[in-house]
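The values are calculated or read from the model by the stated rules, or taken from the named source; none is laboratory data. Computed from a predicted model, the values in this text were never measured in an experiment. Backbone-built Cβ (ideal geometry, glycine too); neighbour counts: all protein chains shown.
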Amino acid sequence: MNRRDSLKALGLAAAGGALLLDGCGPQSKTGKETAAKGAEKLPGVQDWEHVRNGKLAGETFFTDHELATIGVVADIIIPADGVSGGATDAGVPAFIEFMVKDIPAYQTPMRGGLKWLDVQCQRRYGQVFTECRESQQLELVDEIAYPAKAKPEMRQGVAFFSLMRNLTASGFFTSELGVKDIGYVGNRPGVWDGVPQDVLQAHGFKDAWG
Amino acid sequence: MISYQIKENPEVYDAVVVGSGAGGGMAGYVLANAGLKVLMLEAGPFFDPAKDTMQLRWPWESPRRGASTVRPFGDFDAAYGGWELDGEPYTRAAGTEFDWFRARMLGGRTNHWGRISLRMGPDDFKPKDGVTDPWPISYEELKPYYDRVDRMIGIYGTVEGIHNEPDGIFLKPPKPRLNELYIRRGAEKAGVPVIAGRGSVLTEALPGVEGRGTCFYCGQCGRACRVYGDFSSSSCLVIPAMKTGNLTVIDNAMVREVLTNDEGLATGVSYVNTKDLQEYTVRGKTVILGASACESARLLLNSHSAAHPGGLGNSSGLVGRYLHDSTGASAGGFLPQLLDRKRYNEDGVGSVHIYSPWWGDNSKLNFPRGYHIEYGGGMRMPSYGFTDWVPNVNHLVPTKDGKQREQGGYGVSLKEDYRRFYGASVGMAGRGTALARYDNYCEIDPSRVDKYGIPVLRFHYKWANEEVEQARHMQETFREILHEMGAVVASPMPGPETKYGLEAPGKIIHEGGTTRMGDDPKKSVLNKWSQSHDCRNLFVVDAGPFVQQGDKNLTWTILALSMRTADHILQQRNKLNI
């Protein structure tokens, strides 16, 4: 079989190039629905894995207040900008809700970290984090977002924020919106013929083998 | 009372093959194509990459975005299994370590491998340094089988003429990615050669081979390939062998023991069906074990009888001994030259585009043998955790406007950093020769069974100075290469307290040696045909027969040895010896 036959086997060649790219592109509809419901069993997923996924999806860990706080912090970490939407636009809070059930070791650091945040805000501003003014929220975040310059007494907050930052970025940049934002353009049938000529030149390599 | 009845299959097969990975798959393929009636038993479920692959799925199609919670290499990795299997424990002797990766599915661990396909060299079979025992066969004796494997399964690479890194019959190799060009430039400055990778991916059509598509460069061999464009035992061996009508696969069949008669010859195997938990026996004129080095050793040790009191084929007492994995250590950093890089699709193939074959001169080193280096990096498909490193290193280079900034952060500037650093990372990993030692072994744990009542393995494995010094050399080399590339390395070099980052034995998933071959029945389990010294119709075709592996990932050698053993079985049948 040649490459064209490979594409036929994928069920793509007959549809032509344009549809081929659409079908595999970041705008694909099927993926979105699957992710949202977590209900459809994909081929290759083992029965026990599917049951486990469904069970986790059906459980609730965070309270409404905790989830709302996660949303505010997530959008502070990854806000909408000129290129794309923010963390909540990409469904990050729901992703984090799933991950703490999938990896239970995250549960206490996340629940406790959110509580730590509220306690700090209560002491400073007399309100929980979500009720504070944006300037107050950012004032506190500034004290926990930079590990090297954070004060020793803020270290628990730094640990929480680092975990929250990683979960937020993971959730955002693995969403449809985030994959498009970061500019990943693979995951589709094609031909790899080495580094494009203009890139070779820009980086000072004489040909595809360097 | 529950009745306990063993269901006996009355048919006598020409061969019963245990395991469907590289070794079992190849033996089954050769024998079935020669007209033998072959029965293959696989402990896990049937798996066909054409239907069961996760190829071309997006990260958001996994609720955990590909995290490794359920599968050790992430949700999209094809392998069913891992380091720990529910209800199938193993143990370790105090003070020793071993991690045992098992895949339970058609194709076994060929569902999880890098498709890196290296031949062992003349010095690997017949070492000149006297540190380990020679194999009973030479490279020249195995070369025709390597050649046949190349033609039958397909491998890309370049002819280099390196003495202990023999060339094969190569398809065209994929061209390097941008980070790989930087790696090559840096490595050569550091005195480390870099050549085109050698991988079993069809970069062009393979003459005479039907039913397999050529690579369409998604870089996802590890997810299983829908068009059979790479080597998996299922797609290239077992499923084609089934089409001959001569090979039958029974899946979900966990083999309990090899059955023998009063003369000590193998008559078949017994197994438990992992779904209905019923017991079965099947009969064969020849029994071929390809269950993986440790699983085959376990099976032999659990198959004791009056004729084989210490376990089948174990008169030497060496079954389970000389267990050895590869060494492994890794390092990484990022390339400032690749910040804000232009976006394009560089998925390439799912095996390596480049690698460094061993180049060292052992007369100037404090360890024997060596390692090769595999490289990574690039604009890969986003998956869980892939951005975690960015806030740890974003203070190490100025921003686009030339400003210094603090580590970490949030907001629009951090979002910009994630974009800026995407695709700028580089990684490298060494895979080296760990010595096969008598004192590193697996045996039957005297007090533990798995959920099927089968006694489990207990491992005894310790790294020695040779492996630790090799890991130190890897780390020093990695740092030199990274430095010469102009890479920024954020993590300090690991020290002796972590054995220089040397992975635990078993972690590289290259274990072998547990049923070593040799000419002397007192010093080996198998003869040079991988045939039991004690039981002439019993063969082992996984990595158990390896006397000593080189720093060459072992799949290609398993395939060549298994093909050679299958040929031998056919010849012996014609002579009516078995």
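What the table shows:
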read-out: Enumeration of residues in region B:273-306 that are surrounded by 22 or more Cβ atoms within 10 Å (Cβ to Cβ) and more than 23 Å from residue B:561 (Cα to Cα); value: B:282, B:303
read-out: Residue check for residue B:222: in a strand (DSSP E or B) and of a type outside the set (S, T, N, Q); value: no
read-out: Residue ID - farthest from the other protein chains (Cβ to nearest Cβ), chosen from residues in region B:61-84 that are hydrophobic (A, V, I, L, M, F, W, C) and under 23 Å from residue B:46 (Cα atoms); value: B:83
read-out: Selection within region B:89-122 - closer than 19 Å to residue B:46 by Cβ, in contact with a Lys or Arg (Cβ under 9 Å, 6 or more places away or on another chain) and more than 14 Å from chain A (Cβ to nearest Cβ); value: B:102, B:108, B:109
read-out: Residue within region B:359-369 that is in contact (Cβ under 8 Å) with a residue 12 or more places away in the chain and buried (at least 23 other Cβ atoms within 10 Å of the Cβ) present; value: yes
read-out: Within region A:190-203, considering residues that are more than 7 Å from chain B (Cβ to nearest Cβ) and hydrophobic (A, V, I, L, M, F, W, C), the one surrounded by the fewest Cβ atoms within 10 Å (Cβ to Cβ); value: A:202
read-out: Check on residue A:145, without any contact (Cβ under 8 Å) to a residue 40 or more places away in the chain and within 24 Å of the chain's Cα centre (by Cα); value: yes
read-out: Only one of B:81, B:87 that is among the small types (Gly, Ala, Ser), touching a residue at least 12 places away in the same chain (Cβ under 8 Å) and over 30 Å from residue B:240 (Cα atoms); value: B:87
read-out: Pair list, Cβ < 8 Å and 6+ apart or interchain, from region A:38-65 residues that are farther than 14 Å from residue B:62 by Cβ to residues that are of a type in the set (Asp, Glu) and buried (at least 16 other Cβ atoms within 10 Å of the Cβ); value: A:60/A:97; A:61/A:97; A:62/A:97
read-out: Residues satisfying the stated conditions in region B:220-260, i.e. farther than 15 Å from residue B:21 by Cα, of a type in the set (D, E, K, R) and in contact (Cβ under 8 Å) with a residue 24 or more places away in the chain; value: B:223, B:226, B:256, B:257
read-out: Filter result for the condition that a residue is surrounded by fewer than 24 Cβ atoms within 10 Å (Cβ to Cβ), touching a Lys or Arg at 6+ places or on another chain (Cβ under 6 Å) and more than 14 Å from chain A (Cβ to nearest Cβ), over B:137, B:162; value: B:137
read-out: Hey, residue B:263 in contact with a Phe, Trp or Tyr (Cβ under 9 Å, 6 or more places away or on another chain) and touching a residue at least 40 places away in the same chain (Cβ under 8 Å) or not; value: no
read-out: Where a residue in region A:66-85 is of a type outside the set (A, V, I, L, M) and its partner, wherever it lies, is buried (at least 19 other Cβ atoms within 10 Å of the Cβ) and part of a loop (DSSP other than H, G, I, E, B), with Cβ under 6 Å and at least six apart; value: A:75/A:86; A:75/A:87; A:79/A:86
read-out: Boolean, residue A:100 is within 14 Å of another protein chain (Cβ to nearest Cβ), part of a helix (DSSP H, G or I) and either within 22 Å of residue B:391 (Cα to Cα) or touching a Phe, Trp or Tyr at 6+ places or on another chain (Cβ under 7 Å) (or both); value: yes
read-out: Region A:164-180: number of residues that are closer than 27 Å to residue B:221 by Cα, within 7 Å of chain B (Cβ to nearest Cβ) and among the charged types (D, E, K, R); value: 1
read-out: Residue in region B:333-345 that is within 14 Å of another protein chain (Cβ to nearest Cβ), charged (D, E, K, R), under 22 Å from residue B:200 (Cα atoms) and touching a Gly at 6+ places or on another chain (Cβ under 9 Å) present; value: no
read-out: Residue satisfying condition, being more than 10 Å from chain B (Cβ to nearest Cβ), in contact with a helix residue (DSSP H, G or I) (Cβ under 8 Å, 6 or more places away or on another chain) and either under 30 Å from residue B:178 (Cα atoms) or not in a helix (DSSP H, G or I) (or both), within set A:120, A:127, A:107, A:136; value: A:127
read-out: Residue A:206 vs. criteria in a loop (DSSP other than H, G, I, E, B) and more than 7 Å from chain B (Cβ to nearest Cβ); value: yes
read-out: Residue match in region B:375-382 (condition: more than 8 Å from chain A (Cβ to nearest Cβ) and of a type in the set (A, V, I, L, M, F, W, C)); value: no
read-out: Of residues in region B:31-51 being in contact with a Phe, Trp or Tyr (Cβ under 9 Å, 6 or more places away or on another chain), surrounded by fewer than 22 Cβ atoms within 10 Å (Cβ to Cβ) and within 12 Å of chain A (Cβ to nearest Cβ), the one nearest to residue B:213 (Cα to Cα); value: B:50
read-out: Condition broken by residue A:161, with the remaining ones in (1) touching a His at 6+ places or on another chain (Cβ under 8 Å); (2) within 11 Å of another protein chain (Cβ to nearest Cβ); (3) assigned to a helix (DSSP H, G or I) satisfied; value: (1)
read-out: Some residue of region B:56-68 being among the polar types (S, T, N, Q) and either at pLDDT below 95 or under 19 Å from residue B:538 (Cβ atoms) (or both); value: no
read-out: Single condition residue A:108 does not satisfy, out of (1) among the β-branched types (Val, Ile, Thr); (2) touching a Ser or Thr at 6+ places or on another chain (Cβ under 8 Å); (3) without any contact (Cβ under 8 Å) to a residue 60 or more places away in the chain; value: (2)
read-out: When residues of region B:201-215 are limited to those that are closer than 17 Å to residue B:351 by Cα and more than 7 Å from chain A (Cβ to nearest Cβ), the one surrounded by the most Cβ atoms within 10 Å (Cβ to Cβ); value: B:215
read-out: Qualifying position, being farther than 19 Å from residue B:567 by Cβ and touching a Phe, Trp or Tyr at 6+ places or on another chain (Cβ under 6 Å), among B:166, B:122, B:134, B:127; value: B:122
read-out: Selection within region B:1-38 - assigned to a strand (DSSP E or B) and basic (Lys, Arg); value: B:7
read-out: Residue in region B:2-15 that is without any contact (Cβ under 8 Å) to a residue 60 or more places away in the chain and in contact with a helix residue (DSSP H, G or I) (Cβ under 6 Å, 6 or more places away or on another chain) present; value: no
